[in-house]
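Got a structure for you, written out below as structure tokens; questions coming shortly.
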């Protein structure tokens with residue numbers, strides 16, 4: 001994949017995830033939300049974090065597996081914090 005195409009695609013997907021993230025934050029009551037909504041929220045948040053790290057990582061030459069590891073760590077920490085462990 002050409003680097004220019006990868007950056008554009010990644011930017012578009014990151015903006016889409018950001019839009020979905022804002023819609024979820026604005027329209028969902030966390031006290032009345034179903035477990036499916038929380039799963040969707042964490043998937044969208046993972047995509048947003050990974051997309052942002054990919055955009056930063058292209059400039060800093062961070063390996064892709066490190067970006068995925070950072071995004072997964074953030075999501076796991078948020079899930080653990082939510083359930084009080």
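Part of a helix (DSSP H, G or I), surrounded by 13 or more Cβ atoms within 10 Å (Cβ to Cβ) and out of contact with any helix residue (DSSP H, G or I) (no Cβ under 9 Å at 6 or more places or on another chain) - does that describe any residue in region 22-32?
no
For region 36-64, which positions are farther than 19 Å from residue 21 by Cα and either surrounded by 13 or more Cβ atoms within 10 Å (Cβ to Cβ) or over 15 Å from the mean Cα position of the chain (by Cα) (or both)?
57, 58, 59, 60, 61, 62, 63 - these are the residues of region 36-64 that are farther than 19 Å from residue 21 by Cα and either surrounded by 13 or more Cβ atoms within 10 Å (Cβ to Cβ) or over 15 Å from the mean Cα position of the chain (by Cα) (or both).
Here is a further query. With respect to residue 81, determine if the residue is loosely packed, with under 11 Cβ neighbours inside 10 Å, free of Cβ contacts under 8 Å to residues at least 60 places away in the same chain and part of a helix (DSSP H, G or I).
In short, yes.
FYI, it's all coordinate maths here, none of it is from the lab. This structure is a prediction, so every number in the text was calculated from the model and none was measured. Every residue, glycine among them, receives a Cβ derived from its backbone with ideal geometry; neighbour counts consider all protein chains shown.
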